[in-house]
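Trainee: Have a look at the structure that comes next, please.
The values are calculated or read from the model by the stated rules, or taken from the named source; none is laboratory data. As the structure is a prediction and not an experimental result, all values here were calculated from the model. Note that each Cβ is placed from the backbone with ideal geometry, even for glycine, and that neighbours are counted across all protein chains shown. Quick note on the areas: whole protein, heavy atoms, side chains included, nothing else; ligands and nucleic acids left out. Shrake-Rupley method; radii C 1.70, N 1.55, O 1.52, S 1.80 Å.
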Amino acid sequence: MSFDLEGLRALVERHGTIGRIVIAAHQGSAPRETGTSMLVWATGQSGTIGGGALEFEAVAALRARLSKGGAEVARIPLGPSLGQCCGGAVTLVTEVLDASAMPEGDAFARRVEGDGEMPLKVSRALADARNGNMSSELIFDGGWLVEPLSQARVPLWIYGAGHVGRALIDVLCPLPDFEITWVDTGLERFPESVPAGVRILPATNPAEAVALASKDAFHLVLTYSHALDLELCHRLISHGFAEAGLIGSDTKWARFRRRLAALGHSDAQISRIRCPIGQKELGKHPQAIALGTAAALLSVLRASNTEARATGGYATG
């Protein structure tokens with residue numbers, strides 16, 4: 001996970017002094033993984049490190065010292081100290097940040113404990129960051145904490161602002177994994193309030209927007225028109241993509257397969273589009289479709305990133 005610099009800047013501008021909690025390490029069973037973070041200010045908070053009592057106590061302690069500043073490190077066994085069933089342990093770094101302490105560059109490195117010099121592991125990570133090769137994972141070593149300031153988010157294009165499209169936006173928007181572009185035929189098709197970070201793209205013919213997407217993008221096709229859905233699938237196969245999904249029944253997909261074949265696409269090309277999307281056992285309610293689809297997207301993304309780490313590269317599909 002990376003440091004959410006954009007979110008921090010927005011909150012500092014609004015509230016002045018902001019506290020941040022990050023899980024710098026975890027052992028055994030823990031409510032969230034290393035790198036998970038949240039932001040805290042006098043009257044609110046954003047994000048979660050999970051754990052119920054763990055988060056409650058960490059937030060209360062940080063809020064009490066917002067005016068003092070500085071950083072603290074706490075190593076917390078979840079069972080003995082908090083009465084939780086996880087059985088593991090976490091190391092929390094809490095720090096206070098304001099406009100004078102905004103990080104810059106490609107990585108944020110700072111000493112959060114002790115007075116030791118920068119460890120070799122941290123200096124190497126900073127060198128990698130300058131060369132554009134830093135891992136997306138946090139490093140906590142010798143009292144120093146370093147986090148990447150940028151995260152490669154997967155471009156996700158959603159075509160259709162109907163009930164399922166809106167449900168997908170609600171489910172996917174809070175996740176840090178995707179950079180979402182939302183496409184439909186006109187501004188009136190979108191809700192009055194669109195979540196921050198979602199780019200809306202009104203297009204008389206949404207199929208023409210496919211050419212604007214990178215070839216490593218994910219796509220979800222769920223418009224109000226079967227004819228438009230078919231054209232989008234045709235354009236996507238012709239353009240190239242990492243992952244693509246189409247809302248519809250088995251009958252609709254069988255019909256689309258025949259029509260796409262008639263347009264000159266091979267069976268292998270057509271089979272790369274997933275249809276139906278979601279999980280049938282969850283039902284057809286828009287939120288149920290959105291949950292099943294989001295779970296499938298995350299599974300694909302996690303699998304590709306695991307493969308990338310094993311091969312020393314990065315994959316999106």
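Trainee: Leaving out ligands and nucleic acids, and using a 1.4 Å probe, what accessible area per residue does the chain come to in Å²?
Mentor: Ligands and nucleic acids excluded, the figure is 50 Å² per residue.
Trainee: Per residue, what volume in Å³ does the convex hull of the Cα atoms of region 1-83 enclose?
Mentor: So the per-residue hull volume is 94 Å³.
Trainee: Roughly how tilted is helix 163-172, in degrees to the nearest 10 and between 0 and 90, from the longest Cα axis of the chain?
Mentor: For 163-172 against the chain, the angle is about 30 degrees.
Trainee: Next question. Nearest 10 degrees is fine. How inclined is helix 286-311 to the longest principal axis of the chain, computing both from alpha carbons?
Mentor: Between the helix axis and the principal axis of the chain, the angle is about 70 degrees.
Trainee: Short version: what are the Cα gyration tensor semi-axes of region 133-260, square root of 5 times each eigenvalue, largest first, in whole Å?
Mentor: Ellipsoid semi-axes (Å, largest first): 32, 18, 13.
Trainee: Now for a different question. Kindly state, as a whole number, the per residue volume in cubic angstrom of the convex hull around the alpha carbon atoms of region 90-137.
Mentor: 113
Trainee: Let me know the charge dipole size of region 86-134 about its Cα centre in debye, to the nearest 20, where only the beta-carbon of Lys, Arg (+1) and Asp, Glu (-1) is charged.
Mentor: 200
Trainee: Heavy atoms only, 1.4 Å probe, whole protein assembly: order R235, R274 by accessible area, highest first.
Mentor: R274, R235
Trainee: Put one equal scatterer on each alpha carbon of region 102-204, apply the Debye formula with no solvent term, and list log10 I(q)/I(0) at q = 0.17 1/Å to two decimals.
Mentor: Cα-only, vacuum Debye calculation for region 102-204: -0.77.
Trainee: Here is a further query. What Kirkwood Rh does the chain have if only Cα atoms enter the pairwise 1/r average? Answer in Å.
Mentor: That comes to 21.9 Å for the chain.
Trainee: Using only Cα atoms, find the angle between the long axis of helix 120-130 and the longest principal axis of the chain, and express it within 0 to 90 degrees, rounded to the nearest 10.
Mentor: Between helix and principal axis, roughly 40 degrees.
Trainee: Ordering M38, M102, M118 from largest to smallest accessible area (1.4 angstrom probe), what's the sequence?
Mentor: Sorted by accessible area, descending: M118, M102, M38.
Trainee: Let me ask something else about it. At 1.4 Å probe size, with the rest of the protein present, what percent of the exposed accessible area of region 1-65 is carbon and sulfur atoms?
Mentor: 51
Trainee: Can you give me the pair-distance distribution of region 177-226, C-alpha pairs, 10 Å bins, whole percents?
Mentor: Using 10 Å bins, I get a P(r) of 21, 57, 21, 0 for region 177-226.
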